[in-house]
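Colleague: Have a look at this one before I ask anything.
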Amino acid sequence: MNLSFDVVALGELLIDFTEAGLSEQGNPLFEANPGGAPCNVLAMLNKLGRRCAFVGKVGRDMFGDQLRRIVQEASICTDALMTEPAVHTTLAFVHKTASGDRDFSFYRNPGADMMITEEDLPLSMLQNTRIFHFGTLSMTHPGNRAATKAAVRVAKESGAIISFDPNLRPPLWESLDEAKEQILWGLSVCDVVKIADNEIEFLTGCTDFDEAVAKLTSAGPHPTMINVTAGPDGSISYYHGHRVFVPAFLLGGTIETTGAGDTFCACVLHHVLKYGLDNFTPERLEEMLRFANAAAYLVTTKKGAIRSMPDVEDVERVLLA
């Protein structure tokens, strides 16, 4: 497996059941969309011409087979996508609330994605990637937490840029204190982070983003680039003393927001690969955020994530709108 990748991601690959109306009998219908934040990121990166690989586990069941097929269709390397024979593929039911937010119900006690261990790690792959990306769903339990931290260590020692997405899902943690502890660990070892408005408030207690970032960066080791997403309010990048804000694209047609943050994250990593982490200017940060916001908007106009990633031409049309 001596291949070179632009981005390798580790974590969950699951089925997002999204609401699809009512049956003739009035029962709720759900569409089985492939998802999982790390693989969503890779799907968009592939659209941007990046060579990607996924590390994780699915169950030996119909959903695992569906996910493997779809990831392969997305041209993501599946050499390190393992099948767990004893545990089913993780399922998530996504409910859109009256406010437009999402409420998740997970069937993951356990789920196949939780079963990855240090012994499963593809060391050669981790040693031959420009960026390694991870989130916290692969850190909710001792076994997969140890595997995730080992993967970060191997990639970092091999010179990879470390990318992190807190992706807070409270129902999956034993306690929110444990969640906070692991998120803070992720922030201490990564170079680039995509963090949502609710997550940075959870960590710092601050609703003002500038105050929150100042609090995080004064507490110890922190990322070189911090990107805060605030949904319809836009996004902000903090980088070497620069602060660049770009408003969201509000062009109508939004169905649901699943995958929007992952799409944004992928576009950020694409620009990090394009320019190098040490070579950003305020102008390049603005270019990055505009592109990421536009791509994230387009994903909200479709259901699901992996199969809903926009082409570059679609993003460019939004940028010209």
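Colleague: Could you grab me the full set of residues in segment 16-44 that are under 15 Å from the mean Cα position of the chain (by Cα) and either surrounded by fewer than 21 Cβ atoms within 10 Å (Cβ to Cβ) or outside any loop (DSSP other than H, G, I, E, B) (or both)?
Modeller: Within segment 16-44, 16, 34, 35, 37, 38, 39, 40, 41, 42, 43, 44 meet the criteria.
Colleague: Any idea which residue in segment 85-134 is surrounded by the fewest Cβ atoms within 10 Å (Cβ to Cβ), counting only those that are under 30 Å from residue 253 (Cβ atoms) and at pLDDT 95 or above?
Modeller: Within segment 85-134, the match that is surrounded by the fewest Cβ atoms within 10 Å (Cβ to Cβ) is 91.
Colleague: Only residues in segment 183-196 that are without any contact (Cβ under 8 Å) to a residue 60 or more places away in the chain count as the first member; pair them with residues that are surrounded by fewer than 17 Cβ atoms within 10 Å (Cβ to Cβ) and small (Gly, Ala, Ser), Cβ under 7 angstrom, at least 6 apart or cross-chain, and list the lot.
Modeller: Correct list of pairs: 188/220.
Colleague: Among the numbered criteria (1) in a loop (DSSP other than H, G, I, E, B); (2) modelled with pLDDT of 95 or more, which single criterion is violated by residue 2?
Modeller: Of (1) in a loop (DSSP other than H, G, I, E, B); (2) modelled with pLDDT of 95 or more, only one is false for residue 2: (2).
Colleague: Can you find, within segment 137-175, the residue that is surrounded by the fewest Cβ atoms within 10 Å (Cβ to Cβ) among those that are in contact with a Leu (Cβ under 7 Å, 6 or more places away or on another chain) and of a type in the set (A, V, I, L, M)?
Modeller: That would be 150.
Colleague: Conditions first: (1) in contact with a helix residue (DSSP H, G or I) (Cβ under 7 Å, 6 or more places away or on another chain); (2) assigned to a helix (DSSP H, G or I). Residue 78 passes all but one, so which condition is the exception?
Modeller: (2)
Colleague: Hey, another quick one. Output the number of residues of segment 82-94 satisfying the condition of being within 19 Å of the chain's Cα centre (by Cα) and either part of a strand (DSSP E or B) or free of Cβ contacts under 8 Å to residues at least 60 places away in the same chain (or both).
Modeller: Total meeting the criteria: 4.
The values are calculated or read from the model by the stated rules, or taken from the named source; none is laboratory data. This structure is a prediction, so every number in the text was calculated from the model and none was measured. As a convention, Cβ positions derive from the backbone with ideal geometry for all residues, glycine included, and neighbour counts pool all protein chains shown.
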